[in-house]
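Only one structure is covered here, and it is reproduced in the block below.
The values are calculated or read from the model by the stated rules, or taken from the named source; none is laboratory data. Worth saying up front: this structure is predicted, and the values here are computed from it rather than measured. As a convention, Cβ positions derive from the backbone with ideal geometry for all residues, glycine included, and neighbour counts pool all protein chains shown. Note: accessible area is taken over every heavy atom of the protein model, side chains too, but ligands, DNA and RNA are not part of it. Shrake-Rupley method; radii C 1.70, N 1.55, O 1.52, S 1.80 Å.
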Amino acid sequence: MSNDTNQVGTTFTPREIVSELDRYIIGQDKAKRAVAIALRNRWRRQQVDPELRDEIAPKNIIMIGSTGVGKTEIARRLARLAQAPFIKVEASKFTEVGYVGRDVDSIVRDLTELAVGHVKEEEQAKVEARASRTAEDRILDILIRKRQGDRGPNATTTPDDVRLREELRAKLRVGDLDEEILELETMDRQGPMIEVFSASGMEDMDIRLQNMFQNMPGMQGQRKVRKLSVAEARELLTDEEAGKLVDMDKVVTEARQRTEQSGIVFLDEIDKISGRERAHGPDVSREGVQRDLLPIIEGSTVNTKYGPVRTDHILFIAAGAFHVSKPSDLIPELQGRFPIRVELTSLGKEEFIRILTEPRNALIKQYVALLSTEGLGLEFTDEAIAEIAGIAHRVNGRAQDIGARRLHTVLEALLDEISFDAPEMTERKVIIEADYVSERLTDVVADEDLSRYIL
C-alpha cells in the first residue's frame, strides 16, 4: 500500500482528526468522532497481519440529520484530510435505473476516474521541472527558426547559434518574450469521439466500445498548427511534456489501490430510497435500488476502464434526514452494512454565531474578502452578528429548517444594496451594526408571506 494512504492515519490520532474538522465545522461532535475512528481504523487495519487484514471490513456510517447541519461537509473535509478519493452521490438518482437512471456500479467507476486524475496530477508535479526545461528548449528551437529560417536537420551549429540561443533563453526566463506569437504544432485532443449512451446493464459494453474506438488509428487526436503567445505555448508544452514523462501504468495501479483501500463514497439522500414495502408505487423501485447498492457496499468487483476494482474496503458514509422513514426501514441486509449510526443535532442561534465567525472559511470572512476586492472595508459588530444568527434561527423555526444554509440567504438579503453599490461607493469603510440588520430584515421576517419568498 502507498505511503500516501497511510500518511494521515499515522500522523493524526482520532482526537487530532476531530480537531482538524473543528476548524471548518461547528458542533456535531458525535459525527466527527465516528468518522475520526473510521479513518484511524484504516491505518490500524494496515498494521494487522495480512492473513487477518482482508477479513476486517470498514465500519460504514449512517448520518441522520436535517439538511444544512454539516453531513456532507464532514465527509468532504474528512476525505480532503485523508487525501482519499471521494465522491458524493444522491441515492435517489438511481431510483429510475433502466429508464433514465444509472447503474450503481458507475459510483465505483467515477471514484476510480477521480483517483486516476489525482494521482496523475501528483506524478506530473514531480516531473514538472524536467518538463519545463524540455518545453523551454522546444520554444527556443521555434524562436531560432523564426529568426534564422529552417536550415534543415543537418545544419552545423556555429558559435553565433549558441550565442543567439543563450540570449533568447535569458529573455525567455525573465518574460521579455511572453507576448511574441509563435506557430506551434500540437496534438488536437478534441478529435473524433464516440460515446455510447447505455441503459442499465450495458455499461461494461460501453467501456469496451470506448476503449476499442480510442485505440483505433486516427482516433487518438491529430496534430494541428496553432498560433499562441510564448507564455501560452510554454504552459501548453510543459503540460504535454509532463504527460510524456508520467508512467500511466504506474498511475493506474496506484489509483486503483487508493480507490480500493482509501476511497470514500458519500451516499446522500439514503432516506429517499427507504420506506415500508407496498404492493405498488415508488417503494418497489426504492427497494430495488437498495438491493442494487448492496453488492458494492458488501464488497464486490466492478469492471472499470482501468481494470477491476474491489469495493470490499471502500468506506461508505450514508446520510439522510429520515423525517418520514427511519434507518430500520432499510432492508435488513443493508442495515447490517451500516453498523455506526450518528444523529446530527439541529443548529441554534449560538451555533450560527460560531459558524459566521469561527471556521477558516466562515461566511463573514468570505464576504469581507469579496468586498475588499472593491477596496471596501466591511466590518460586523458582535451585536450585528448575533442579530443575523437570531433572524436565521427564527426563520428556520417558522419555515423549512435548512440549517446553516439559511445564513447564506440572510446575508445575501442583508448585503444586497452594499454588494450592488460597492464599486461606486465613496465611503471606503462600512460597519454593519445591529440596527442596520434590523432595519434591512425585520420587516421581511415579520411578513410571513414575504419571508417565504426572500428568506
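Accessible area of residue 81 (1.4 Å probe, protein heavy atoms only, ligands and nucleic acids ignored): about 30 Å². Solvent-accessible area of residue 128, all protein chains in place: 110 Å² (probe radius 1.4 Å, heavy atoms, ligands and nucleic acids excluded). Bridgeable lysines around residue 429 (alpha carbons under 26 Å apart, same-chain partners fewer than 8 residues away excluded): 365. Positive contributions from Lys and Arg (+1) and negative ones from Asp and Glu (-1), summed over other residues with Cβ under 9 Å from the Cβ of residue 298, come out at -1. Positive contributions from Lys and Arg (+1) and negative ones from Asp and Glu (-1), summed over other residues with Cβ under 12 Å from the Cβ of residue 372, come out at +1.
Taking Cβ atoms as reference points and 12 Å as the exclusive limit, the residues near residue 318 contribute a net charge of +1, counting Lys and Arg as +1 and Asp and Glu as -1. Give 71/272; 59/250; 227/250; 59/120; 88/272; 30/93 a once-over and call out the pairs whose C-alpha atoms are over 26 Å from each other. Correct reply: 59/250; 227/250; 59/120; 30/93. In percent, rounded to a whole number, the relative contact order of segment 288-398 is 18, using alpha-carbon pairs under 8 Å and six or more apart.
The tail of the calculated P(r) for segment 349-455 beyond 22 Å holds 28 percent of all Cα-Cα pairs. Here segment 283-304 and segment 45-76 have alpha carbon centers that stand 18 Å from each other. Peptides 163-170, 288-295 ranked from most to least packed by the mean count of surrounding Cβ atoms within 10 Å: 288-295, 163-170.
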